[in-house]
Structure formats: C-alpha cells, structure tokens
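A.B. asks: I have a structure I would like to understand better, so I am pasting it below and will then ask my questions one at a time.
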Amino acid sequence: MFQCEMPIAVTTLDKKELLSAGTILTEQVAADVAALGRLQPYEECALLEYGTVRADLKRFLAIPPYLEIFSDQKLVDELLAQMQSVRLPLPLMKALDYFRQHDFHTYRHILMVFNLSSMLVKGLDDGRQKGEADFMAGPSHDFGKISVPLHILKKAGPLTAHEKQVLKYHPLSGYILLAYYLGDHRHPAALVARDHHERRDGSGYPRGIKEIDPVVEMVAACDVYDALLSPRPYRPLSFDNRSALEELTRMAENGNLGWPCVEALVACNRHGRPNVEQVVVSRDVRGTQPIGNCYGMVVDDENDANAEKN
Ligand SMILES: [Fe+2]
Ligand SMILES: [Fe+2]
C-alpha cells in the first residue's frame, strides 16, 4: 500500500487531465485510471518502426562507448529482433515525438536505455522467461517527464527546491500515464516507470522504498549509466566511460544498487564479454569526474539566477 500527494497534475499530451495536482495517489486511484484507459483502447505500433526511431538508434549506437558495447553484429541483430516485439499505443509514440522536438537529450536517453536495458534484462537470470512487457520498460521509464515543464527539464544549472520536487514526481506521472494507456496499473512498464529512481537502501524517490524488483533495478542501473555518459543541460561535460562505471561501482558499494546490474554493465564493457558470474569489478578509482556538475544541487528560489523569467 502506498499513498503520495501529487504536486503536479498528470495530463496527457492531448490535454486530458488524468490526475489533478494535490490528488492523493493510491493503488486504487491508479487502478481507476487504468479502468478509464481500458474504455478506449489505442492503436499500437512497433516502437522500432515508428518515425525515425530505428535510424536514430543506429546513429546513437555509433558513438563510444556504445560503439564498443554493441560492436558484435550477431548480438545486435538478436537484440533488435527482441526489441522489435515492443509495441506501444500511438499516444505514447507522440510523447517520443514531443521529446525529439523539445528535449533531444531525453529522446536520446530513452532510446539508449531501451537498447541497454533490453540487453541486460535479456541476460537477467531470475528464473523467468522475459517477454515484450519487460523490454517495453526501458523506453517508457521516463515518459512521465511530459508532466515536467521544459524549463525545468532543460535548465542549465542547479534546480530550486520547488523545481526539484516537481521533477521528482515524474516516476509517478509516468506510472499513471502508462496505467492509462496500457489499461493496466500493474503492467511491468508502469511499475518500472514508478520505481526506476528507488534504491535498495531506501535513499531513492519518490517513495523511498527498499524492495526493488530485479528488472526495475536493471533498468535503473542503465538509466544512471546512460545519464552519466550523455550530454546533460546541468553539466558542461559528461562522464567518461571509466568514471561512469566507477560511479556505479560506488553506488553498489554504498548499497544503493545491487552488484548484479553493475557487474552486467562492466561485463558488456570487457573484451570477450565474460559471463557476469566471472566478472571481478575493479574498486580502483582512476577516472576523472567532470567538473561543473550541478546534478543534485539545490538553490533557493530567490537566489536562482537561472530561473525562467516570464
Ligand atoms: Fe527518470
Ligand atoms: Fe531516465
């Protein structure tokens, strides 16, 4: 059981309000939204076949370190065949268009987490056969960001406490949007959207829970890894690959993330791609983190030189 007060409204891109700001979100509220979504089933489309997705993905994969991680063509072909099974309702594709047009960082990130998490989830041995629903979780994890104003998503500097609070609710917004469009508030993709910023030591958000599903944690690790590697508005330079893997190692040492997902990411960076069980993760700190990183910093509203003026 959980309940959270939503500081922001959850609205679809075509302006249908699913939850108003101030709603106390419970599982029952999410179930009601899902029931509403089932009244109007949406046409679906294969994500890889939508618009320029496949071509964009190919372009992003040609950039290091992904160029090396995905250098085995046989593995890439197998992966693409698996990813081909992912079909999304058309309104969620519109969310992808929205990000491609207005927030290209998030668009690129969504596609790269799709690729990475599909690879890790495919190899996750939790005794379950993986299906389309599991592979759908990567690309849909951040769809809740359509509820976050663009001036917050694209802010080049530290957020204010209020902006940070708004941003922190994108997992719940994504949960509601996916519950609605998939007509199922317990769909794995909806649960990953809801929990992808939770951490196993309870230090995550928005709920601070400690029990994290293994698929959720794999997507969470890919989410952090790509966020570190990719260009972001809140820092002038991204992490190099070594520093990004060291940061994930530090998170595992601190109990934020489980070792299996860090080992899986390290394994796909090693020559010959060893089995995860054979990977020994280096604890040496040899990378150099980028300077000028504003991630996690908070400024007072009144001292906010970067605030949007309107
Ligand atoms: Fe997120
Ligand atoms: Fe993300």
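Where a number appears in this text, it was derived from the coordinates with a stated rule and is not lab data. The structure displayed is predicted, hence computed values, not measured ones. Glycine gets a Cβ as well: all are built from the backbone with ideal geometry, and neighbour counts include every protein chain shown.
A.B. asks: In a shell of Cβ-Cβ distance under 15 Å around ILE146, excluding ILE146 itself, what net charge do Lys and Arg (+1) and Asp and Glu (-1) give?
C.D. replies: Here the count lands on +1.
A.B. asks: Could you list which residues have their amide H under 5 Å from that of THR160, counting only those 5 or more apart in sequence or on another chain, with H placed in the peptide plane?
C.D. replies: Answer set, sorted by chain and number: VAL299.
A.B. asks: Pull out the extension gain between ILE24 and ALA156, defined as 0.36 nm times the separation in residues minus the alpha carbon to alpha carbon distance; nm, one decimal.
C.D. replies: Stretched out fully, the ILE24 to ALA156 stretch lengthens by 44.4 nm.
A.B. asks: Please list, in order along region 88-102, the HN-Hα scalar couplings obtained from phi with the Karplus expression 6.51 cos²θ - 1.76 cosθ + 1.60 (θ = phi - 60°), rounded to whole Hz, x for Gly and Pro.
C.D. replies: 10, x, 3, x, 6, 5, 5, 5, 5, 4, 4, 5, 4, 7, 10
A.B. asks: Moving to a separate point now. In Å, what Kirkwood hydrodynamic radius results for the chain from the alpha-carbon pair distances?
C.D. replies: Taking every pair of different Cα atoms in the chain, averaging 1/r and inverting gives 19.9 Å.
A.B. asks: Please compute the modelled spin-label separation between LEU13 and LEU90, points set 7 Å along Cα→Cβ, answer in nm with one decimal.
C.D. replies: 1.2
A.B. asks: Under a crude label model (7 Å from the Cα following the beta-carbon direction), how far is GLU253 from ASP126 in nanometres?
C.D. replies: So the two model labels end up 2.7 nm from each other.
A.B. asks: Among the GluC sites (Glu not before Pro) within region 37-75, which fall in a DSSP loop and have no more than 11 other Cβ atoms within 10 Å of their own Cβ?
C.D. replies: For GluC sites (Glu not before Pro) across region 37-75 that sit outside H, G, I, E and B with at most 11 neighbouring Cβ atoms in 10 Å, the list reads GLU43.
A.B. asks: Also, I was wondering about something else. Could you list which residues have their amide H under 5 Å from that of THR11, counting only those 5 or more apart in sequence or on another chain, with H placed in the peptide plane?
C.D. replies: Residues meeting the amide H criterion: LEU18.
A.B. asks: Whole-Hz ³J(HN,Hα) for each residue in region 109-115, computed from phi via Karplus 6.51 cos²θ - 1.76 cosθ + 1.60 with θ = phi - 60°, x for glycine and proline: what do you get?
C.D. replies: 4, 4, 5, 6, 5, 4, 5
A.B. asks: Counting Lys and Arg as +1 and Asp and Glu as -1, what is the net charge of the other residues whose Cβ lies under 12 Å from the Cβ of ALA221?
C.D. replies: -3
A.B. asks: On to the next question. Describe numerically, in nm with one decimal, the distance between label points set 7 Å from Cα along Cα→Cβ at GLN165 and at ALA35.
C.D. replies: 3.1
A.B. asks: List the relative contact order of the chain as a percent without decimals, with contacts defined as Cα pairs under 8 Å and 6+ residues apart.
C.D. replies: Across the chain, relative contact order equals 18 percent.
A.B. asks: Quick one: Karplus J couplings for region 124-130, per residue in order, coefficients 6.51, -1.76, 1.60, θ = phi - 60°, nearest Hz, x for Gly and Pro?
C.D. replies: Here the 3J(HN,Hα) series is 6, 9, 10, x, 10, 6, 8 Hz.
A.B. asks: While we're on this one: State the answer as a single residue: which of PRO91, ALA81, MET119 lies farthest towards the positive end of the charge dipole of region 76-132, with beta carbon charges of +1 for Lys and Arg and -1 for Asp and Glu, about the Cα centre.
C.D. replies: The residue sitting farthest along the positive end of the dipole is PRO91.
A.B. asks: Relative contact order (percent) for region 92-223, with alpha-carbon contacts under 8 angstrom and 6 or more residues of separation?
C.D. replies: So the answer I get is 24 percent.
A.B. asks: If we count every other residue with Cβ under 14 angstrom of LEU39's Cβ, Lys/Arg +1 and Asp/Glu -1, where does the sum land?
C.D. replies: Net charge in that neighbourhood comes out at 0.
A.B. asks: Quick check: residue separation of ARG242 and GLU211 times 0.36 nm, minus the Cα distance between them. What number comes out in nm?
C.D. replies: Extra length available between ARG242 and GLU211 comes to 8.3 nm.
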